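**Student:** So that we are looking at the same thing, I have put the structure below in structure tokens.
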Amino acid sequence: QVQLVESGGGLVQPGGSLRLSCAASVRIFSIAAMAWYRQPQGKQRELVATISSGGTTSYAESVKGRFTISRDNTKNAGDLQMNSLKPEDTAVYYCNARIQLFRLSPIRDYWGQGTQVTVSS
């Protein structure tokens, strides 16, 4: 059973940086699109950034210019670099990936376990 394993969350002061990472726990055939979502306490989950298999990226307006999504297709992994963090970025961050386990298997959505990011002085 494949899992997406996240790492890199924590506590940071406003203006600081964090890098989140996400990787498949077992060898897989391929990952199509990858994305990062976040869910502030008491609020709905929201899309933060996406990256296609070809490397095309998109971002929520609230993080444009501050966050950068990337991926390493050779490692079936992805990162979210977060700079100039603000208190309103505080949330649980989730990695999402559309994974094809084997060459002829269907593409399915998988989620990471979530990692807490807290921006506070």
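The values are calculated or read from the model by the stated rules, or taken from the named source; none is laboratory data. Just so we're clear, the structure is a prediction, and the values are computed from it rather than from any experiment. Neighbour counts run over all protein chains shown; Cβ positions are idealised from the backbone, glycine included. Remember, those area values only see protein heavy atoms, side chains included, never the ligands or the DNA or RNA. Shrake-Rupley method; radii C 1.70, N 1.55, O 1.52, S 1.80 Å.
**Student:** Applying the selection to the stretch 68-113, what residues are under 14 Å from GLY10 (Cβ atoms), part of a loop (DSSP other than H, G, I, E, B) and either at pLDDT below 95 or open to solvent by 20 Å² or more (accessible area, probe 1.4 Å) (or both)?
**Tutor:** THR90 - this is the single residue of the stretch 68-113 that is under 14 Å from GLY10 (Cβ atoms), part of a loop (DSSP other than H, G, I, E, B) and either at pLDDT below 95 or open to solvent by 20 Å² or more (accessible area, probe 1.4 Å) (or both).
**Student:** Residues to consider are VAL5, VAL117, VAL26; find the one that is among the β-branched types (Val, Ile, Thr), assigned to a loop (DSSP other than H, G, I, E, B) and touching a residue at least 24 places away in the same chain (Cβ under 8 Å). Break it down into steps so the answer makes sense when it comes.
**Tutor:** On the way: VAL5 fails: assigned to a loop (DSSP other than H, G, I, E, B); VAL117 fails: assigned to a loop (DSSP other than H, G, I, E, B).
From the options VAL5, VAL117, VAL26, the qualifying one is VAL26.
**Student:** Out of all the residues in the stretch 1-34, which are over 23 Å from PRO87 (Cβ atoms), of a type outside the set (S, T, N, Q) and open to solvent by less than 60 Å² (accessible area, probe 1.4 Å)?
**Tutor:** VAL2, LEU4, CYS22, ALA23, ALA24, ILE28, ILE31, ALA32, ALA33, MET34
**Student:** In the set SER52, SER120, which member is touching a Pro at 6+ places or on another chain (Cβ under 7 Å) and among the polar types (S, T, N, Q)?
**Tutor:** Sole residue among the options that is touching a Pro at 6+ places or on another chain (Cβ under 7 Å) and among the polar types (S, T, N, Q): SER120.
**Student:** Need the failing condition index for ILE51 against (1) open to solvent by less than 60 Å² (accessible area, probe 1.4 Å); (2) of a type in the set (A, V, I, L, M, F, W, C); (3) out of contact with any helix residue (DSSP H, G or I) (no Cβ under 9 Å at 6 or more places or on another chain); (4) farther than 19 Å from VAL5 by Cβ, just the number.
**Tutor:** Only one criterion in (1) open to solvent by less than 60 Å² (accessible area, probe 1.4 Å); (2) of a type in the set (A, V, I, L, M, F, W, C); (3) out of contact with any helix residue (DSSP H, G or I) (no Cβ under 9 Å at 6 or more places or on another chain); (4) farther than 19 Å from VAL5 by Cβ is unmet by ILE51, namely (4).
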